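Shown next, in structure tokens, is the structure this report addresses.
The values are calculated or read from the model by the stated rules, or taken from the named source; none is laboratory data. Everything numeric here is computed off the predicted structure, so don't read it as measured data. Ideal geometry is used to build each Cβ from the backbone, glycine not excepted, and the neighbour counts take in all protein chains shown.
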Amino acid sequence: MAAPHDPHHRPDATRDAAPVPASDREAAVACWGAIYAYIRQAGRSDEQARDLTQGFIADVLLGRGLLAKLDERRGQFRTLLLSAVRNYLADAYRHDHAARRHPGAGRSVASGGESQADGLVDRATPAPEVAFNRAWVAAIVRDAAADLQAECMSNGREAAWDIFDRRVLRPMLEGAEPPTYEALVERWNLRVPTQVSNTIVAMRRAFAAHLVRRLGARSGEGARGELRELLTLLEGRCP
């Protein structure tokens, strides 16, 4: 019979624990929103979900070196991370783990912030897996969009970014009403609507390239397949 679970006992946070690499900390923070979304959607309160998210990141993702173990040979990172979170939450439930979790020495990880937590719980779609996937995709899209915006600003392509942002990104992410081609022609003093359509085509390709880089996928069919799956999840067609 297993020993009773002690919420204050942290087997991974030993006095001799090695410092966590900065790259692993950054990757863990990037996963925060999706992990929180799954736990929150599974029925935990906001405070419990934050505590359990912090505990999972400190104990499992960093404490057990899960980031280093999730490589290409073992499948997609997102799928394996979801499985690990599901198992962690099941274990926490079995042990009636509702106490706050505090990262041990050398394991403290900043959360993803309010922007990742706000609006993650979807009462109309109660499946935690759906919340996880949507938060995961939203984080990748936000990062890829920020990369593309920075690239455009540094290259003097403010008009291209604005057209893509208003016509494609905001409607996709926020449900905003896309402006007409004619309105964008007038806004940027263009000559014909085809200039807008050509800009959007070029920006879609650039955005897809940034998505693939953010996914960490290699070039080739594998990357294209991962990108297609991400866009499918973004459009809400994933169960």
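Of all residues in the stretch 197-222 being at pLDDT 85 or above and of a type in the set (S, T, N, Q), which is surrounded by the fewest Cβ atoms within 10 Å (Cβ to Cβ)?
N198
T194 - would you say it is at pLDDT 95 or above and over 26 Å from R213 (Cβ atoms)?
yes
In the stretch 148-174, which residues are at pLDDT below 95 and closer than 28 Å to T79 by Cβ?
V168, L169, M172, L173, E174
Find the helices (runs of 4 or more DSSP H) located wholly in the stretch 1-96 whose residues include 1 or more that are surrounded by 15 or more Cβ atoms within 10 Å (Cβ to Cβ) and at pLDDT below 80, and list them.
Numbers: elements: 22-41, 46-56, 66-69, 77-94.
The helices (runs of 4 or more DSSP H) meeting that bar are 22-41, 66-69, 77-94.
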